[in-house]
Amino acid sequence: AGGAKSSEDSYANGALDLYMVSRLAENISFLGEVVFEKETRPGGEEESIVDVERLSLKYTVSDRLWIALGRHHTALGYWNEAFHHGLLLQPTIDRPEGLKFEDFGGILPVHAVGVALGGRYFRGPWGLDYAGHVSNSRGLTPADVQNAADVNDQKAITIRFSVSHEAEGRLLFGPMAHFDVVPPDPAAPGREGEMEERILGAHLIYRNDSFEWMSEYYKVRHVDQLTGQEFEHPAYYAIGVWRAGKWKPYAALDRLDLDTADLFYAGSATPLKRYIAGIRWDLHPFNALKFEYRHDHRQGVRSDALVVQTSFTF
């Protein structure tokens, strides 16, 4: 198969996600989400951390317009808003590689701190959902989500549209775009200049009583304003789920074609090609058990894994 081989058996605790919603007035609501989890530091050392993942105040004018202030999940496409941190909700054990959280090797700004707005329009079986953000820009590293300040003068801008059609099944598709400037990092050699960041993407989702298809594509483009170098990072996934009562077999492809010459991602993200076959067993509406086989190709090393996960809510 090529590359190094290894064999490892291990257990792991997942995250504990506390989710809070409160209605403060007729049109005003508060949302908070706090996650207790373990994070692996460079060198392999584990550290228990507490992350405030979402903290926002939302004013709803009507179905067609809402406005929110605070920390949100960025309106990138489908997965990031549909599943958030809910492992019970998502079909596979892990998030797609390109959509991993910033502090776990993700390449996308999946959290945004600033002002968000959105709304929905309906005409017969058709609908249009839109959302946008004006938020703090990237930090010095991909893991930096700037909560209290912004080291840049610029702000990040995100816009996403989803067109839906309801018939025998539900079809959902649409584009997104994100524009930002990555600040220079004088302490990192080769990072002396700002980088222009542009992310374009699209999602296509279809669901009926017996089958579900989910797919998204993103291309991150960085241009170093000092040297003129350009870096492109395509990321995409496709998942097919067969619905058979409590049993849901699934298959997936997950790929991240990272340009490793981009020093902004040095030491965090790595390229990946992953094939997945699995089955989900819904023991109860509040508890699911997933069995998953993975074949990975990462940085010249091919590996196989069998992964089992239980997720639940209460």
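The values are calculated or read from the model by the stated rules, or taken from the named source; none is laboratory data. Computed from a predicted structure; not experimentally measured. Cβ: placed from backbone, ideal geometry, glycine included. Neighbour counts: every protein chain shown. Quick note on the areas: whole protein, heavy atoms, side chains included, nothing else; ligands and nucleic acids left out. Shrake-Rupley method; radii C 1.70, N 1.55, O 1.52, S 1.80 Å.
Please find, within segment 163-186, the residue that is least open to solvent (accessible area, probe 1.4 Å) out of those that are in contact (Cβ under 8 Å) with a residue 24 or more places away in the chain, part of a loop (DSSP other than H, G, I, E, B) and more than 22 Å from ALA112 (Cα to Cα).
GLY169
Taking segment 226-246 on its own, how many of its residues are out of contact with any strand residue (DSSP E or B) (no Cβ under 6 Å at 6 or more places or on another chain) and more than 25 Å from GLY174 (Cβ to Cβ)?
Residues in segment 226-246 being out of contact with any strand residue (DSSP E or B) (no Cβ under 6 Å at 6 or more places or on another chain) and more than 25 Å from GLY174 (Cβ to Cβ): 6 in total.
What about TYR293, is it more than 22 Å from PRO142 (Cβ to Cβ), free of Cβ contacts under 8 Å to residues at least 24 places away in the same chain and of a type in the set (Phe, Trp, Tyr)?
So TYR293 fits the description; yes.
Identify all residues within segment 239-263 that are hydrophobic (A, V, I, L, M, F, W, C) and either exposed (fewer than 14 other Cβ atoms within 10 Å of the Cβ) or part of a strand (DSSP E or B) (or both); write none if there are none.
Result: ILE239, VAL241, TRP242, ALA244, TRP247, ALA251, ALA252, LEU253, LEU256, ALA261.
Quick grid of which residues meet (1) of a type in the set (D, E, K, R); (2) in contact with a Ser or Thr (Cβ under 6 Å, 6 or more places away or on another chain); (3) within 27 Å of PHE286 (Cα to Cα):
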site: PRO91; (1), (2), (3): no, no, yes
site: ASN147; (1), (2), (3): no, no, no
site: SER162; (1), (2), (3): no, no, no
site: ARG170; (1), (2), (3): yes, no, yes
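Going through segment 16-26 one residue at a time, which ones are open to solvent by less than 60 Å² (accessible area, probe 1.4 Å) and more than 13 Å from THR313 (Cα to Cα)?
If the condition is that a residue be open to solvent by less than 60 Å² (accessible area, probe 1.4 Å) and more than 13 Å from THR313 (Cα to Cα), then SER22, ALA25 are the ones that fit.
How many of the residues in segment 84-101 are at pLDDT 90 or above and closer than 22 Å to ILE157 by Cα?
4
With the requirement that a residue be over 11 Å from the mean Cα position of the chain (by Cα) and open to solvent by 40 Å² or more (accessible area, probe 1.4 Å), what does segment 69-103 give you?
LEU69, LEU87, LEU89, ASP103
Going by what's in this entry, would LYS219 be described as assigned to a strand (DSSP E or B) and free of Cβ contacts under 8 Å to residues at least 40 places away in the same chain?
Considered against the rule, which asks whether it is assigned to a strand (DSSP E or B) and free of Cβ contacts under 8 Å to residues at least 40 places away in the same chain, LYS219 comes out as yes.
Would you be able to tell me the number of residues in segment 56-115 that are acidic (Asp, Glu) and farther than 23 Å from GLY139 by Cβ?
Number satisfying all stated conditions: 2.
How many residues, within segment 201-235, are under 17 Å from ASN80 (Cα atoms) and open to solvent by 70 Å² or more (accessible area, probe 1.4 Å)?
Number satisfying all stated conditions: 4.
Here's the yes/no breakdown for (1) open to solvent by 20 Å² or more (accessible area, probe 1.4 Å); (2) under 30 Å from HIS165 (Cβ atoms); (3) in contact (Cβ under 8 Å) with a residue 40 or more places away in the chain; (4) in a strand (DSSP E or B):
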site	(1), (2), (3), (4)
LYS273	yes, no, no, yes
ILE279	yes, yes, no, yes
HIS297	yes, no, no, yes
SER303	yes, no, yes, yes
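Could you pull out the residue among PHE286, PHE291 that is touching a strand residue (DSSP E or B) at 6+ places or on another chain (Cβ under 6 Å), exposed (fewer than 14 other Cβ atoms within 10 Å of the Cβ) and among the hydrophobic types (A, V, I, L, M, F, W, C)?
Every option except PHE286 fails the conditions.
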